[in-house]
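The values are calculated or read from the model by the stated rules, or taken from the named source; none is laboratory data. Everything numeric in this text was worked out from a predicted model, so none of it was measured. Cβ placement follows ideal geometry from the backbone for every residue including glycine, while neighbour counts extend to all protein chains displayed.
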Amino acid sequence: MKRERFRSTIRILLTLGVFIFLIFLIKKNYSEIKQYNYIFQPWQIAVSFILLLTSTLILPIIWYLITHNLQCNIKFANTLKVRLLSEVGKYIPGRVLGYGYLIIHYKEEGKDRLEVLNASIYELFLSTFSAFLYFTLTMLFTSFQILDAYKTLFVVVSIIGITFMHPWFFQKMSDMFCKLLRRERVKHQISFLRIIGLLFLYLIYWIIFSLAFFFFVRGFKDINISYIGYLSGSFAISTFAGFMAFFLPAGLGAREGLLFYLLGILLGNTLAIVISIGSRIWLILADALLFLAALSSNLYSRRQNRKSEIKVNGGIEYFL
């Protein structure tokens, strides 16, 4: 109990520290931010938001394919709603709430919680690693200045990451969880080729997201499309940093800090601050919109099911 309180206190202090750092950056550059000659183009922001929603909807599809390959999937329509509802969990440190919600819901639908836990771990690894891999790929064709010195290291780590995606490693990890939970061994039949296919889908997600972020930046500055690799790569590695900072809600601060640094090289500190913080709001609005859409659909489905039950019960009572 004391250890959990200590961890919670550390998380709160780190989150507060990040907020203080961001406030300090804004305060330090406030005069420049206020006087900056912005070129705000709403239609570019609108296009970026549509592309962002499109890319986000790819994630539930990937989750469905992961659960299908691990033989713990539910109907696709339900998967879409449940996965979008669980996204709010990423704003809780460690993403525990989101995956916890998935495990509980899938258990209610008769799925084994250990299999869903394994699917969650697989999804977490693929989503995190895909951000790292996408940055590595963009790094081969784009200069990131100070990070260029570590290009070989990024390539080596990417190759090692792909190796660890092999089913043999995943099976060993699954066996470890089975022993910890005192469960019978669960044998997974997913092939390495299918795992590579799932990773490829994540890279497609990153390509669409890259276009979304490019148009978002163009909403504030007229920038050439030749910089799309730098912009998308910067966001990808910043997202990876946010994933690694699992003790912060949705990687808040870790992502913005690195993104601010990388964008500052290209756009200058003033615009980098605006875009770093603005992109967070941009993402939150997209998550909120999809969450409300999924919640509304869920409530509507429950209402329709209740009406059907009332009609059936009424018909039975009539014959009785």
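Looking only at residues of segment 154-203 that are modelled with pLDDT of 85 or more and polar (S, T, N, Q), we find that the one that is farthest from the chain's Cα centre (by Cα) is THR163.
Cβ separations smaller than 7 Å between residues 6+ apart or across chains give the following pairs from segment 286-300 residues that are touching a residue at least 12 places away in the same chain (Cβ under 8 Å) to residues that are of a type in the set (S, T, N, Q): ALA286/THR56; LEU290/THR56. Has segment 80-102 got at least one residue that is in contact with a Lys or Arg (Cβ under 7 Å, 6 or more places away or on another chain), at pLDDT 90 or above and surrounded by 15 or more Cβ atoms within 10 Å (Cβ to Cβ)? Scanning segment 80-102 turns up no residue that is in contact with a Lys or Arg (Cβ under 7 Å, 6 or more places away or on another chain), at pLDDT 90 or above and surrounded by 15 or more Cβ atoms within 10 Å (Cβ to Cβ). Does THR54 fit the bill of being within 18 Å of GLY242 (Cβ to Cβ), of a type in the set (S, T, N, Q) and at pLDDT 85 or above? Answer is no for this residue. Remark: pairs (first residue in segment 213-230, without any contact (Cβ under 8 Å) to a residue 40 or more places away in the chain; second residue not hydrophobic (A, V, I, L, M, F, W, C); Cβ separation under 8 Å; 6+ apart in sequence or on different chains) = ILE228/SER210.
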